[in-house]
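These notes are about the structure you will find just below.
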Amino acid sequence: MAFCLKNQSRICLFQCLVITLSATLFSPISFAETTLEEIVVTARKRTESIQDVPIAVSALDKELKQSNVRRLEDIQNYAPNVQIRRTPGIASGAAISIRGVSSDESDKTLDPAIGVMMDGMFLGTPSGVLLQNFDIKRIEVLRGPQGILFGKNTTGGLINVIRGDVTMEVGADINVIAGNHGRQDVKAVVNFPLIDDKLGMKLFGASIQSDGFMRNTTLNKDVGGDDIRNFGFATLWRPTDNFDLKLHYEKFFDESDQGAYTNENLDSDLACTLQKIGFSGIGCKSSSTDDADHNSANGTNFSDNEYDAVIVTANWDLDKFLLTYIGTSRDMDEDNMQHFDGAPVDMLRMRYFNDWHQKSHELRITSQFSDKVEFVAGVYRWDVDYEQRWDVTDLFYQLSRLGIVADANYTGPVPTPSTISSSNGQSQTAESTAVFFSGDWHLNDKWTLSAGFRWTEEEKDFLGGNGGVFYDPAAGEPIPPLFDPQPYQGKWNETTPMVGFRYQHNDDIMIFGSYSEGFKSGGFFGRQADFNIDPSYEPEFVENTEIGMKSTWLDSRIIFNASVFSAKYKDKQESILIPVDLTNVATVVRNASSVDMFGVELELQYQITEAWYLRATYGYIDSEYNAYLADINGDGVVTDNSGLRPRNTPE
């Protein structure tokens, strides 16, 4: 069972308690030989027991076998101060919050504050990160800034996904699930050797289907369902005892409905006005029969998205050092429709086209020559180029019926054709280069000192359309070039340090502490679509101080871990709405705030018997703006908004 409690106190802004209790049916109830299995993680890019890692990290392995863990968002019940929700309108998109720091902006020009990595590949955009629970060996949730070891700097935390092994043995894992609302999940993983102990292959494939739980009364069908296909292979070549090479390829199709919107149009909204003057059908919420299980939009939020991923991993054991190379490539071709009016009227549709190409290379060296000094060091390169377009349909037609020509770029007949769209968009290339080091010095059997740093340089070249260009896609016209494209270019670099300690009180109790800094680069926000307004924003910084304890009890039947942290965010990047004209609202990003956070996290695992296992987490956050100076309503007046609540830290 799982439940979440949110309550109020004088200083507590968020408290969450999650308890998971599982049992193996028909197992003998015995306390003999009942211990928790050791969980090995790679949270510091080396293999370590999770109880020896001096950072706040949660790991899920056997929990992934539970049927209620269908995709990435379901792991939020197993780690404190973590929230993950599906983002409507983004293909397999997720809005992730760790310790109150969120990554919920869909535009690809704003780097996520929470990173998601899969087998060493950084997923550099919120779309396509809501991975299905399929062919996954382990998921690690690293809380707090991870600016030293993991790819692009992430100021809030990181989710590290490790795919299943290529076993080099004959075996198969097949899972079939059927449920209500047309749910049909079919997943299969097959392993087999090609050359005994030298070369093995893994084939995997999954189909995730559902009709959706929302009934559309206009289309007379269920909407909001899943239509996902994921398949690929991995090969592992181990010609000698000291070298191995792994190639992973997968293809992912997502043709799901990206949400199903209900009619929320108030009497003052344009969709409702059109209904009242007889220009359209039911545009008002007050006239609609929509509820939690029904909607009436005259179309679906359809999608057609295709992803290709390649990961090459090589390990060369040089006795005193381990040399590792990881090269990745990911291509995304996205097409997503949004019926924003949520009503059986042609009021506002937006269709998004994205073409994304990223590559990364990482070369690192891990020491193996001493038990007294250990380190990981390396270089990292990440490149991306993408092009984004979006069409706005229906809005200009409806305004033209009222005699309003809302865009000076339009020179055609009035009213405009009902199928006409306004196209706008952007393109960007980004390059990120980094050098990193993390080391431990074991002073004696009890004390260990840690230190590390990451030097990062990022460069971005951006081109944004400065207004819409009208065309008629229904007549077969191609997407037009950008209007008055505006170029921007910027380069940022930063060095982020980390220092820490670990004190091994005895075999069962370890105390750790650390100070670390995080950095998220500046850029140019593309979704504002009006580049008469400056689109640039500067880097965001965080300073994090943490102390914690990891412990085992009752002969390893109980694990209890705790951490207390304080984080200070400076020049925090905030999105702000600024009205431009009747049909355009500019969303700009500004370094508008500083935020202070304090939190407590508790984790408990208890193997009660061979049959019963308990896992519980508790998270507490006290978060407040130290300063928030910005014009947040478009009246041109900068105000002090420090009394507002920071996102994802509710009272």
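Using modelled backbone amide H atoms (1.01 Å from N, in-plane), which distant-in-sequence or interchain residues come within less than 5 Å of residue 477's amide H?
Here 472 satisfy the definition.
How are the C-alpha pair distances of the stretch 385-468 spread across 5 Å bins, as whole percents from the shortest bin up?
3, 11, 14, 10, 9, 7, 7, 6, 6, 6, 5, 5, 4, 3, 3, 2, 0
Rg(Cα) of the stretch 499-651 divided by 2.2 N^0.38 Å?
1.46
Report the label-to-label distance for residue 604 and residue 491 in nanometres (one decimal), using points 7 Å from each Cα along the Cα→Cβ vector.
Label at residue 604, label at residue 491, 5.5 nm between them.
Hey, what's the Kirkwood Rh for the stretch 495-573 if you take every pair of different alpha carbons, in angstrom?
Final number for the Kirkwood radius of the stretch 495-573 is 15.8 Å.
Place +1 on the Cβ of every Lys and Arg and -1 on the Cβ of every Asp and Glu in the stretch 373-425, take the dipole about the Cα centre, and give the residue among 382, 414, 425 whose Cα lies farthest towards its positive end.
Projecting each Cα onto the dipole axis, the largest value belongs to 414.
Sum up the charges of everything whose Cβ sits under 12 Å from the Cβ of residue 241, counting Lys and Arg as +1 and Asp and Glu as -1, but leave residue 241 out.
Here the count lands on -2.
Can you list the trypsin sites (Lys or Arg not before Pro) in the stretch 430-482 that are in a DSSP coil and have 13 or fewer other beta carbons within 10 angstrom?
The qualifying sites are 446.
Find the Rg to Rh ratio for the stretch 208-276, where Rh is the Kirkwood radius over alpha-carbon pairs and Rg uses the same atoms.
That ratio is 1.41, to two decimals.
Mean residue ellipticity at 222 nm from the helices of the chain, using -39,500 (n - 2.57) per DSSP H segment of n ≥ 4 over the full residue count, to the nearest 500 deg cm²/dmol?
So the helix-based figure for the chain works out to -500 deg cm²/dmol.
Work out from phi, with θ = phi - 60° and the Karplus expression 6.51 cos²θ - 1.76 cosθ + 1.60, the ³J(HN,Hα) of each residue of the stretch 376-386, listed in order in whole Hz, and give x for Gly and Pro.
Result, ordered by residue: 10, 9, x, 10, 9, 9, 9, 10, 9, 9, 8 Hz.
Given points 7 Å out from each Cα along the Cα-Cβ axis, report the residue 644 to residue 67 separation in nanometres with one decimal.
Here the answer is 4.4 nm between the modelled labels.
Could you give the length gained on full extension between residue 249 and residue 479, defined as 0.36 nm per residue of separation minus the Cα-Cα distance, in nm?
79.6 nm
With a probe of 1.4 Å, find how much accessible area the chain has per residue, and write the answer as a whole number in Å².
Value returned for the chain: 42 Å² of accessible area per residue.
In a shell of Cβ-Cβ distance under 14 Å around residue 370, excluding residue 370 itself, what net charge do Lys and Arg (+1) and Asp and Glu (-1) give?
-1
For the stretch 155-212 and the stretch 606-634, what is the separation of their C-alpha centers, rounded to whole Å?
If we compute the Cα centre of each part, the gap is 31 Å.
Give the whole-number value, in cubic angstrom per residue, of the convex hull volume spanned by the C-alpha atoms of the stretch 64-122.
Cα convex hull per residue, to the nearest whole number: 104 Å³.
Regarding the stretch 455-505, what is the average projected area of its C-alpha convex hull, in nm²?
Here the figure is 8.2 nm², rounded to one decimal.
For the stretch 145-232, list log₁₀ I(q)/I(0) at each q in 0.14, 0.17, 0.19, 0.23 Å⁻¹, using the Debye formula over Cα point scatterers of equal strength and ignoring solvent, two decimals each.
-0.78, -0.87, -0.89, -1.00
Using only the alpha-carbon atoms of the stretch 100-146, report the extent along each of the three principal axes, biggest first, to the nearest angstrom.
So the three principal-axis extents are 30, 22, 18 Å.
Can you give the translational diffusion coefficient of the stretch 415-505 in µm²/s, computed by Stokes-Einstein from the Kirkwood radius over Cα pairs at 37 °C and 0.692 mPa s?
Once the numbers are plugged in, D ends up at 182 µm²/s.
Using +1 on the beta carbon of Lys and Arg, -1 on that of Asp and Glu, and nothing else charged, what's the dipole of the stretch 291-377 about the Cα centre, debye to 20?
Dipole of the stretch 291-377, to the nearest 20 debye: 500 debye.
Give, as ranges by residue number, the residues of the stretch 404-448 whose backbone N falls under 15 Å from the point 7 Å along Cα→Cβ of residue 357.
427-431
Suppose R0 equals 51 Å. What FRET efficiency, 1/(1 + (r/R0)^6) with r the Cβ-Cβ distance, do residue 506 and residue 577 give to the nearest 0.05?
0.40
Note the per residue figure in Å³ for the convex hull of the C-alpha positions in the stretch 367-424.
Given the Cα convex hull of the stretch 367-424, per-residue volume reads 168 Å³.
Once the Cα atoms of the stretch 310-350 are picked out, what are the Rg and Dmax in Å?
23.7, 69
Determine ³J(HN,Hα), in whole Hz, for all residues of the stretch 621-628 in sequence, where each value follows from phi through the Karplus function 6.51 cos²θ - 1.76 cosθ + 1.60 and θ = phi - 60°; x replaces Gly and Pro.
Residue by residue, the stretch 621-628 yields 9, 10, 10, 8, 6, 7, 7, 7 Hz.
In the neighborhood of residue 222, defined by Cβ-to-Cβ distances under 13 Å, what is the net charge if each Lys or Arg adds +1 and each Asp or Glu adds -1?
That sum, taken over residues with Cβ under 13 Å, equals -2.
Restricting to Cα pairs below 8 Å that are 6+ residues apart, what does the relative contact order work out to for the stretch 448-588? Please round to a whole percent.
20 percent
May I ask for the percentage of alpha-carbon pairs in the stretch 549-630 that lie more than 20 Å from each other?
59 percent
For q values of 0.10, 0.13, 0.21 Å⁻¹, compute log₁₀ I(q)/I(0) with the Debye formula on a Cα-only model of the stretch 119-273, without solvent.
Evaluating at q = 0.10, 0.13, 0.21 Å⁻¹ gives log10 I(q)/I(0) of -0.55, -0.82, -1.29.
Quick one: Debye curve from the alpha-carbon atoms of the stretch 36-94 only, equal weights, vacuum; give me log10 I(q)/I(0) at q = 0.20 Å⁻¹ to two decimals.
-0.89
Quick check for me: using +1 on Lys/Arg Cβ and -1 on Asp/Glu Cβ, what's the dipole size of the chain about its Cα centre, in debye to the nearest 20?
Roughly 920 debye, rounded to the nearest 20.
In nm, what is the difference between 0.36 nm times the number of residues separating residue 217 and residue 455 and their Cα-Cα distance?
Stretched out fully, the residue 217 to residue 455 stretch lengthens by 80.1 nm.
Could you compute the FRET efficiency for residue 85 and residue 555, with r as their C-beta to C-beta distance and R0 at 45 Å, rounded to 0.05?
Once rounded, the FRET efficiency stands at 0.70.
Please report, in Å, the Rg and the Dmax of the chain, where both are computed over Cα atoms only.
Cα only, the chain: 26.0, 83 Å (Rg, Dmax).
For the chain, what does the relative contact order come out to in percent, with C-alpha contacts under 8 Å and a separation of six or more?
Relative contact order of the chain: 12 percent.
Dipole magnitude of the stretch 476-577 about its Cα centre, charges +1 at Lys/Arg Cβ and -1 at Asp/Glu Cβ only, in debye to the nearest 20?
Rounded to the nearest 20 debye, it is 340 debye.
The values are calculated or read from the model by the stated rules, or taken from the named source; none is laboratory data. These numbers were taken from a predicted model, which means no experiment stands behind them. Glycine also receives a Cβ, built like all others from the backbone with ideal geometry; neighbour counts cover every protein chain displayed. Just so you know, the surface numbers come from the protein's heavy atoms only, side chains and all, with ligands and any DNA or RNA stripped out. Shrake-Rupley method; radii C 1.70, N 1.55, O 1.52, S 1.80 Å.
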